[in-house]
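Visitor: Sharing a structure below in structure tokens format, with a few things to ask.
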Amino acid sequence: MKKNIWFINQAAGSPYHGMVFRTYYLAHEMVKQGHDVTIFSGSFSHNYIKLPKTSGVFTEEMIDGIRYVWVKLPPYPQSKSVGRIIAMFLFPLLLLFYFTRKKPTAIVVSSPPPIPIVVGWIWSKIYRCKLFFEVRDIWPLSIQMLGGYGPNNPFIALLLLIEKFAYTRAHYISSVLPKAFLHFESRGMQKGKFLYVPNGVIEEKRSEAQSETFNVIAKLKSEGKFVVGYAGTVGYANNLNMFVESAELLANKNIQLVIIGEGSHKKGLEKITDKVIFLPPVPKKEIPAILEKFDVGYIGLMKEELFKFGISPNKIFDYMFAKIPVIMAIDSGNDLVKEANCGISVPSCEAKDIASAITEIFKLTPEERSQLGKNGYEFVNKNHRYDKVVQVYLDKM
């Protein structure tokens, strides 16, 4: 039966505007399966590369079969600013003035921020439809842990109230984190309401890589180098310090570590060693061709208590989709690499153990490495293609 599905995500972008992409991918797959989908998003986000064109409070736009409703929001200077907090409250407030006669089958409110769940709940009562609360990042828990804020902070106290409201009022609570239900239940969610809806992959049209970055990787391969690569944001949280330091511990000179991307941590990393090659980022469409040139893909994250609820990073799935072995230096409640049998996990996140993992995969035969890549590819196709991921939602709507 054809459904009319609404997503409320203040930071939902698109391939044409920039991150965040998850809501777009879910919606696009639902459209492909014959459903009507509307995304309510803010007209400004610090993650957008290109801002949507708006006129008035609400601007409607069709993007790849998805109906976007852009809610006019004022720009703010940076992610950590008073302006962003104001936008968090203004977005749901303005949504209260939106009206349509077309009744939704279900509403999915994607957090963070969690504040729009109040509007989602009001609409679910008006339209008598199912309400889903999707948690991509656990707020305010992550803010408290990373920022050191206590429950008596006014903003945190308000978010705690909204969080409990969401867990007790929504029909279903979903998350990209497989063990997040442990926290949700501690905050009032009833057992049986949790849905694990992980991040996924899509098979996009291939584009021949023509960047200088690709040419450098291709040259390294032609010289017989064993390339262990990272492609993504070069930030502190990605634990790239340990990855870079591991280069000093590698005895075999045929092993070459490569980091592709930009970020605030890049200049500091470049000073650690000259044994890692740093390359500029490339257009998203070129990423698959570059990843396939890697012999191993690396992903890491700094140790955080939050990860006990699990992880679902797109980068791991991209590596798996490229059919390359994966080294995952993350201490988390789930182990995707072990589940897929596609590489080596390094829960210690230490440089010496990362170096040992690189050496271990290097010593495998080409056939053994190829099998690890195939294992990951089969795993991601079975469990993380968006046509299968969305079915978790559709079955409950």
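Visitor: According to the square roots a ≥ b ≥ c of the eigenvalues of the Cα gyration tensor, what is the shape class of segment 242-397, taking rounded for a/c under 1.5, prolate for a/b larger than b/c otherwise, and oblate for the remainder? List each step's numbers first, then the result.
Guide: Details: a/c = 1.59, a/b = 1.48, b/c = 1.07.
Here segment 242-397 falls in the prolate category.
Visitor: To continue, here is another question. Considering only the chain, what is the antiparallel percent among its DSSP beta bridges, to the nearest 5?
Guide: Working: 8 of 55 bridges.
Given both bridge residues lie in the chain, the antiparallel proportion sits at roughly 15 percent.
Visitor: Continuing with the same structure: Using alpha carbon centroids, what distance separates segment 234-266 and segment 70-118, in Å?
Guide: A separation of 38 Å, based on Cα centres.
Visitor: If you filter segment 1-47 for chymotrypsin sites (Phe, Trp or Tyr not before Pro), then keep DSSP loop positions with at most 16 other Cβ within 10 Å, what is left? Walk me through the numbers on the way to the answer.
Guide: Numbers: sites: Trp6, Phe7, Tyr16, Phe21, Tyr24, Tyr25, Phe40, Phe44; in loops: Tyr16, Phe21, Phe44.
Within segment 1-47, the qualifying chymotrypsin sites (Phe, Trp or Tyr not before Pro) (loop, at most 16 other Cβ atoms within 10 Å) are Tyr16.
Visitor: Go ahead and set up a Gaussian network model of the chain, Cα springs under 10 Å, then flag whichever of Gly263, Gly333, Gly188 fluctuates most.
Guide: For the chain, modelled as a Gaussian network with Cα springs under 10 Å, the answer is Gly263.
Visitor: Can you tell me the accessible area per residue over the chain, all protein chains present, probe 1.4 angstrom, in square angstrom?
Guide: Details: 18280 Å² over 397 residues.
About 46 Å² of surface per residue is accessible.
Visitor: May I ask for the Rg/Rh ratio of segment 25-72, computed from Cα atoms with Rh as the Kirkwood radius, given to two decimals?
Guide: On the way: Rg = 11.4 Å, Rh = 11.4 Å.
On the Cα set of segment 25-72, Rg over Rh gives 1.00.
Visitor: What residues qualify as long-range amide H neighbours of Arg136, i.e. H under 5 Å apart, gap of 5 or more or another chain, H built at 1.01 Å from N?
Guide: Residues meeting the criterion, in which the H sits 1.01 Å from N, are Ser111.
Visitor: Is the C-alpha gyration tensor of segment 332-388 telling us rounded, prolate or oblate? Criteria: a/c under 1.5 is rounded; beyond that, a/b larger than b/c is prolate, otherwise oblate.
Guide: Values: a/c = 3.72, a/b = 1.37, b/c = 2.71.
In terms of gyration-tensor shape, oblate.
Visitor: Show the residues, 5+ positions off or on another chain, whose built amide H is closer than 5 Å to the amide H of Val108.
Guide: Those qualifying (amide H under 5 Å, at least 5 residues apart or on another chain) are Trp6, Phe7, Ile8, Phe132.
Visitor: How large is ³J(HN,Hα), in whole Hz, for each residue of segment 176-193 in order, when computed from phi with the Karplus curve 6.51 cos²θ - 1.76 cosθ + 1.60 and θ = phi - 60°, using x for Gly and Pro?
Guide: Using θ = phi - 60°, the values come out as 7, 9, x, 10, 5, 4, 4, 6, 4, 5, 5, 10, x, 5, 6, 4, x, 9 Hz.
Visitor: Something else now. From the phi of every residue in segment 50-55, what ³J(HN,Hα) in whole Hz does the Karplus formula 6.51 cos²θ - 1.76 cosθ + 1.60 yield, where θ is phi - 60° and glycine or proline is x?
Guide: Using θ = phi - 60°, the values come out as 10, 7, x, 7, 10, 8 Hz.
Visitor: Can you give me the C-alpha center-to-center distance between segment 286-326 and segment 368-397, rounded to a whole angstrom?
Guide: Between the Cα centre of segment 286-326 and that of segment 368-397, the gap is 14 Å.
Visitor: Mind pulling the per residue volume of the convex hull built on the Cα atoms of segment 230-299? Å³ is fine.
Guide: Values: hull volume 5.8 nm³, N = 70.
Each residue corresponds to 83 Å³ of Cα convex hull volume.
Visitor: Once the convex hull of the alpha carbons of the chain is built, what does its volume come to per residue, in cubic angstrom? Please report the intermediate quantities before stating the final value.
Guide: Details: hull volume 56.6 nm³, N = 397.
So the per-residue Cα hull volume is 143 Å³.
Visitor: Rounded if a/c is under 1.5, else prolate if a/b is larger than b/c, else oblate: which is segment 135-235, with a ≥ b ≥ c the root eigenvalues of its Cα gyration tensor?
Guide: Taking the square roots of the gyration eigenvalues as a ≥ b ≥ c, segment 135-235 is prolate.
Visitor: Would you please name the trypsin sites (Lys or Arg not before Pro) within segment 1-84 that are DSSP coil residues with at most 15 other C-beta atoms within 10 Å of their C-beta? Numbers along the way, then the final one.
Guide: Details: sites: Lys2, Lys3, Arg22, Lys32, Lys50, Lys53, Arg67, Lys72, Lys80, Arg84; in loops: Lys2, Lys3, Lys50, Lys53, Lys72, Lys80.
Within segment 1-84, the qualifying trypsin sites (Lys or Arg not before Pro) (loop, at most 15 other Cβ atoms within 10 Å) are Lys2, Lys50, Lys53, Lys80.
Visitor: Output wanted: per-residue J couplings in Hz (rounded whole) for segment 381-397, from phi through Karplus 6.51 cos²θ - 1.76 cosθ + 1.60, θ = phi - 60°, x for Gly and Pro.
Guide: Coupling constants for segment 381-397: 5, 6, 10, 10, 7, 5, 5, 8, 4, 5, 5, 4, 5, 4, 5, 9, 8 Hz.
Visitor: Filter the trypsin sites (Lys or Arg not before Pro) in segment 253-338 down to the DSSP loop ones having no more than 10 other Cβ atoms within 10 Å, then list what survives.
Guide: Values: sites: Lys253, Lys266, Lys267, Lys271, Lys275, Lys284, Lys285, Lys293, Lys303, Lys308, Lys315, Lys323, Lys338; in loops: Lys253, Lys271, Lys275, Lys293, Lys303, Lys323.
Loop-located and lightly packed - Lys253, Lys271.
Visitor: Further question on the same structure: For labels at Asp335 and Asp64 in the simple 7 Å Cα→Cβ model, what's the distance in nm?
Guide: Between Asp335 and Asp64, the label points sit 3.5 nm apart.
Visitor: Give me, ordered by chain and number, the residues 5 or more places off Phe194 or on other chains with an amide H under 5 Å from its own placed amide H.
Guide: Counting only residues 5 or more places away or on other chains, the set is Ile173.
The values are calculated or read from the model by the stated rules, or taken from the named source; none is laboratory data. Quick caveat: nothing in here was measured; it's all calculated off a predicted structure. All Cβ positions, even for glycine, are placed from backbone atoms using ideal geometry, and neighbour counts span all protein chains on display. Protein only, heavy atoms only, side chains kept; ligands, DNA and RNA dropped before computing areas. Shrake-Rupley method; radii C 1.70, N 1.55, O 1.52, S 1.80 Å.
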